[in-house]
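To start, the structure under review is shown below, and the notes come after it.
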Amino acid sequence: MQLTIRSALAALALCSVGASAAAAPPSDAGLSYVLTNAKLSLSTVDGSSRLSQSFSTAPDYSLNAPPFDLAAPTQLENDDVIRLGFSLGVQEGSGKGEAKFSKEHLPHQAFVVLAEAGKASAVSNAAQTAWPIQVKPSSGKASWNLRMDRIPSHLLEAEGPLVLSLLISNFPASSAATGSYQPLSLPLISLRLPSSLQSASAAPSAREKAEIEQGFRGWPYNFHTFGSSPADSMPSRKLSLVASVVTVAVPWIVLLGLIATVQPSLSAPTARISLLFVSLVGLEALAIRYWIGITLFQMLPFLAGGGLVTLIIGKSALGDLRRQRLVKAAAAK
């Protein structure tokens, strides 16, 4: 199972610590992890072995060497499977005594790291992946394998060879110096990935296509650009004021221009007709107030009340106008 990013970064940080530990012999007071009955092999899916090498390590890390020459990368095939197995033991850094293992020596961190040669850093942009290894508490045995058709896609973008390394470390068993563990960082083999897999990684695989078609992949991001604010496209205040004055003034100008024509038919208004005129002016003033700044719900109560008053007054005023018209019609006869 592939690690999460946080665990992978922890493993790669351990790599740099282990590399420094491998460069200098451990102190006599510390404990060292040693590998026994270790075997690294390349085999095909059907089980036939193509390359195999048994090896072991010493408690003095300066004496350890990779089981395969890192300067001569091994070319992998499409159906290859990388297999690693070993038995883990603990021995004093001075080499005294025999390697032994128990639950108290179970490592807290055990990883296999596959990274570009010379670029195994948690802060670089190199292609790298770490996998955890489960060490059995009773026997210290562990195994790991990786099929080429299941290699992470970002590793296929590596420009150079990849180095397979084993990283093992533990927290101190006690505050005393004799309880500290020297981290083990052992490069195993240099590998070149199959060119056919690297060229095929540019296009989505059949599995990725099926995931996209069946909706198991995330949808692409939708980027929305908000339009300009309505206030930006509105006319200026001066132009709005001119339009308002024209809207209000033109009807009155027309009325005043026609007053000479309609004046002979006009007569002194009664009190009810005057109240109707006042109520209509009030409704017009309410409309102007609504346009200037109040909301619809604030205007509706006044509109309902003013409309009801106008309706009642208008009924009486229209009755007065009808009687005046009938009187004029009778006088004309």
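The values are calculated or read from the model by the stated rules, or taken from the named source; none is laboratory data. Here the structure is a predicted model, which means the values were calculated and not measured. No Cβ is skipped: glycine too gets one built from the backbone with ideal geometry, and neighbour counts run over all protein chains shown.
Side notes on the structure shown:
- For the stretch 276-291, the count of residues that are under 53 Å from the mean Cα position of the chain (by Cα) and among the β-branched types (V, I, T) is nonzero.
- Inter-residue pairs, beta-carbon under 6 Å, first under 18 Å from S169 (Cβ atoms) and in the stretch 125-146, second surrounded by fewer than 16 Cβ atoms within 10 Å (Cβ to Cβ) and among the charged types (D, E, K, R), 6+ apart: P137/K103
- Flag if S175 is assigned by TED's automatic domain parsing to the domain that holds A65, under 29 Å from V113 (Cβ atoms), at pLDDT below 85 and surrounded by fewer than 18 Cβ atoms within 10 Å (Cβ to Cβ): no
- Answer from A260, A304, A285, A268 - the residue that is out of contact with any helix residue (DSSP H, G or I) (no Cβ under 7 Å at 6 or more places or on another chain), more than 29 Å from A329 (Cα to Cα) and loosely packed, with under 11 Cβ neighbours inside 10 Å: A304
- Odd one out for A122, checked against (1) modelled with pLDDT of 85 or more; (2) in a loop (DSSP other than H, G, I, E, B): (1)
- Search result, residues across the stretch 258-292 that are farther than 20 Å from L321 by Cα and modelled with pLDDT under 85: L258, A260
- Meets criteria (among the aliphatic types (A, V, I, L, M), buried (at least 20 other Cβ atoms within 10 Å of the Cβ) and at pLDDT 50 or above) for L63: no
- Residues in the stretch 206-253 that are hydroxyl-bearing (S, T, Y) and not in a loop (DSSP other than H, G, I, E, B): S233, S240, S244, T247.
- When residues in the stretch 307-333 are screened for being surrounded by 14 or more Cβ atoms within 10 Å (Cβ to Cβ) and part of a loop (DSSP other than H, G, I, E, B), 0 of them pass.
- Flag: V135 does not match the condition of being part of a strand (DSSP E or B) and either at pLDDT 85 or above or among the polar types (S, T, N, Q) (or both).
- Subset of the stretch 125-165 (residues that are of a type in the set (S, T, N, Q) and buried (at least 19 other Cβ atoms within 10 Å of the Cβ)): Q128, T129, S165
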